[in-house]
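The values are calculated or read from the model by the stated rules, or taken from the named source; none is laboratory data. Bear in mind the structure is a predicted one, so any value in this text is a computation, not a measurement. Here the Cβ positions follow ideal geometry from the backbone for every residue, glycine too, while neighbour counts run over all protein chains shown. Just so you know, the surface numbers come from the protein's heavy atoms only, side chains and all, with ligands and any DNA or RNA stripped out. Shrake-Rupley method; radii C 1.70, N 1.55, O 1.52, S 1.80 Å.
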Amino acid sequence: MSNAPRRKQPLVLVSEDYNPEIWQTHDGESETQSWLAVAQDLWGRGCFGPGQLDAMRQGAGGLTLDKKKIVGALGCSLGGLGQAAVEYGAYFDVFESDGEVLAYCESHAGKLLKFAAWNPHVPNLKAERYHALLASRAFSLTEDVGVLAAHLANGLKAGGNLFVDELYAADASTGQLIGQAIAGPGQKFYLHSQDEVLQAFKGTHAELRSSASANDSLMAVIRKGLIYGEELAHLLKAIPQPFGRQRLMAFANELQRAAVLFQALEKGLVTAGRCIFFKSK
């Protein structure tokens, strides 16, 4: 008998062209793996939440990325970077705070992405290393936005730019409730006000250059995903047990998170914003 290590089984995405017979030899998956599969079925391969590809494309374009720039990206369940990297020919140092998402992304990373674990409470970016940084929902991972803002600014080279894609809440209690309602498995989010995040950059030499709402585009992506969810549900129901039951549970939870976020955006309880900061020389 061969002692060669068993090849790790791929994550099955039912929204793509796949062989249903794969379940006959499937060894099972964790709850987080089921969520990772369902999220990509809903939001697109390489995306673990609505609007990620749109945000990363906008960030890459706004920062005018290319292969000559040293680029970093930070957040939780980061998605959309692979496609953005290919389109702009840029290399990314990706700092992921979720251990299971990190393990999955490392095993699926292309040549343009280099992944590393990241603790948002102790960011510790190398000082003045990056020409450009993208922070996607990074401020939602910490209660102390001042520490994170200082570290992001410190990680930029003079003349560098920072793209911030974030959800903001009008008040702390609303931010806490909605943050927990939209967090993925094992995750914890704190939604802050936009003014609190902007004020955190005062004195960091990172100056706000542009700010735009992403409410409409994010709601459009969520609406499209919820509509597609009906078709996806039929595909998931065809999966044999016990795999189907776990996938359907992950699917229901992801739809619930998406619906909560859509309603919060629609009612003005939460806003989605994208900003670019410039570090003065």
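Accessible area per residue for segment 21-65 in Å², computed with a 1.4 Å probe and the full protein assembly in place, what is it?
Details: 1690 Å² over 45 residues.
Solvent-accessible surface per residue comes out at 38 Å².
Among 61-67, 189-195, 132-138, 35-41, what's the highest-first ranking by average C-beta atoms within 10 angstrom per residue? Provide the component values of the computation, followed by the final result.
Values: 61-67: 16.1, 189-195: 18.4, 132-138: 26.9, 35-41: 24.3.
Most protected by this proxy first, the peptides run 132-138, 35-41, 189-195, 61-67.
Determine the calculated [θ] at 222 nm for the chain from helices alone, applying -39500 (n - 2.57) to every DSSP H run no shorter than 4 residues and normalising by the residue count; nearest 500 deg cm²/dmol.
Values: 9 runs with 118 residues, N = 281.
Roughly -13500 deg cm²/dmol at 222 nm, from the helical runs in the chain.
From the alpha carbon gyration tensor of segment 1-132, can you work out the equivalent ellipsoid semi-axes (sqrt of 5 times each eigenvalue) and give them in Å, largest to smallest?
Working: eigenvalues 170, 61, 41 Å².
So the equivalent ellipsoid measures 29, 18, 14 Å along its semi-axes.
Is the C-alpha gyration tensor of segment 65-154 telling us rounded, prolate or oblate? Criteria: a/c under 1.5 is rounded; beyond that, a/b larger than b/c is prolate, otherwise oblate.
Details: a/c = 2.07, a/b = 1.26, b/c = 1.63.
Verdict is oblate for segment 65-154.
Antiparallel DSSP bridges in the chain: what percent, to the nearest 5?
Values: 16 of 38 bridges.
Expressed as a percentage, antiparallel bridges in the chain total about 40.
Students often check this: by mean Cβ neighbours within 10 Å, which of 93-101, 52-60, 220-228 ranks highest, and how do the rest follow? Kindly include the intermediate steps, with their values, before the conclusion.
On the way: 93-101: 21.0, 52-60: 23.4, 220-228: 16.2.
Peptide ranking by packing, descending: 52-60, 93-101, 220-228.
Amide H to amide H under 5 Å from GLY72: which residues, 5+ apart in sequence or cross-chain, H placed 1.01 Å off N in plane?
For GLY72, the qualifying residues are ASP93, ALA132, LEU133, LEU134.
Would you mind working out the magnitude of the charge dipole of segment 65-216 relative to its Cα centre, with +1 at each Lys and Arg C-beta and -1 at each Asp and Glu C-beta, to the nearest 20 Debye? Don't skip to the answer; put the middle values down first.
Details: 12 positive and 17 negative charges, 135 e Å.
The calculation lands at about 660 debye.
Amide H neighbours of GLU207 under 5 Å, counting only residues 5+ apart in sequence or on other chains, H built in-plane at 1.01 Å?
For GLU207, whose amide H was placed from the backbone, the distant partners under 5 Å are PHE278, LYS279, SER280.
Here are several values of semi-axes √(5λ) of the Cα gyration tensor in Å: (1) 32, 23, 16; (2) 29, 24, 17; (3) 40, 21, 14. Which one was derived from the coordinates shown?
(1)
Looking at segment 1-137, how many pairs of lysines come closer than 29 Å at the Cα, when each pair is eight or more places apart or spans two chains?
Taking the Cα cut-off of 29 Å, the pair count is 13.
Scanning the chain for helices, which whole DSSP H stretches are 20 Å or more long along the axis (Cα) and average -0.5 or more by Kyte-Doolittle? Don't jump to the answer; show the numbers that get you there.
On the way: long enough: 215-237 (32 Å, 0.23); 243-266 (34 Å, 0.16).
Membrane-span-like by this rule: 215-237, 243-266.
Leaving out ligands, DNA and RNA, and with a 1.4 Å probe, what % of the accessible surface on the chain is carbon or sulfur? Please report the intermediate quantities before stating the final value.
Working: 7070 of 13730 Å².
It is 52 percent, rounded to a whole number.
If you count, for each residue, the other Cβ atoms within 10 Å and average over each peptide, how do 201-208, 251-258 line up from highest to lowest? It would help to have the intermediate numbers written out before the result.
Values: 201-208: 15.6, 251-258: 18.6.
Top of the packing list down: 251-258, 201-208.
If Lys and Arg each add +1 and Asp and Glu each add -1, what is the summed charge of the other residues whose beta carbon sits under 14 Å from the beta carbon of GLU16? Could the numbers behind the result be given before it?
Working: positive: ARG45; negative: ASP17, ASP41, GLU231.
Taking every other residue near GLU16 into account, the sum is -2.
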